[in-house]
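Below you will find the structure I want to go over with you.
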Amino acid sequence: MIGRIEHVGIAVRSIEEARKMYEALGLFVTEIEDVPHEGVRVAMIPCGESRIELLESISDDSAVAKFLEKRGPGVHHLCLASDDVRADDAKLREAGFQVLRPEPTRGAGGCWVQFVHPKSTGGVLLELSEGEHGSHE
Ligand code: CMX
């Protein structure tokens, strides 16, 4: 089952530059983590019950590097908190949506994550996340 919006992922060229605007508003970065298998460095900024995830590429062929090259900085994905990512993954498959990975993988913060292709969702890359940061409802 889906709960809150866990985070909104924003592709940035530089976390150090991008964080300044949020900090000017009194928000702050609580965690910075490299996720090597995704080729990204992520900075998490809590905002109400959700978070803003700044995504900087650390690898030339990462999803975020490709996105920045094609589209420039901007909103990259929407992440919804799931209390059972495998069950929600199965529901999406059954409904004919294009789930990107054969099964959930570990993402930032040790969460289990799955992605749905933006071509299949009306233009928004969707992430489902379950775990330490993904399921406190
Ligand atoms: N949002 C909306 N559309 C997107 C997109 C995004 N984030 N990324 C790519 N697209 C669009 C492209 O613009 C392109 O559209 P056009 O054909 O109209 O030009 C199309 O999708 C390309 O699709 P593709 O050829 O299948 O693939 P790409 O190589 O561009 O990869 C995707 C797209 C979604 C499959 C890839 O980014 C992916 O696997 N993402 C999941 C993993 C991920 O994003 N990891 C980083 C975040 C990790 C984290 O949060 O920790």
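Go through region 68-96 and give me each residue that's farther than 15 Å from VAL35 by Cβ and within 13 Å of the ligand (Cβ to nearest atom).
The first filter runs over region 68-96 and keeps only residues farther than 15 Å from VAL35 by Cβ, leaving 68-75, 78, 80-96.
Once the filter is applied, which keeps residues that are farther than 15 Å from VAL35 by Cβ and within 13 Å of the ligand (Cβ to nearest atom), region 68-96 yields LEU68, GLU69, LYS70, ARG71, GLY72, PRO73, GLY74, VAL75, LEU78, LEU80.
Identify all residues within region 57-90 that are polar (S, T, N, Q) and part of a strand (DSSP E or B); write none if there are none.
Those that are polar (S, T, N, Q) and part of a strand (DSSP E or B): SER57, SER82.
Within region 35-57, which residues are over 13 Å from the mean Cα position of the chain (by Cα), open to solvent by 70 Å² or more (accessible area, probe 1.4 Å) and free of Cβ contacts under 8 Å to residues at least 40 places away in the same chain?
Across region 35-57, the qualifying residues are PRO36, GLY48.
The values are calculated or read from the model by the stated rules, or taken from the named source; none is laboratory data. Every value quoted in this text rests on a predicted model; they were computed, and no experiment measured them. Positions of Cβ are generated from backbone atoms using ideal geometry, with glycine treated the same way; all protein chains shown enter the neighbour counts. Keep in mind that these areas ignore ligands, DNA and RNA; they rest on the heavy atoms of the full protein, side chains included. Shrake-Rupley method; radii C 1.70, N 1.55, O 1.52, S 1.80 Å.
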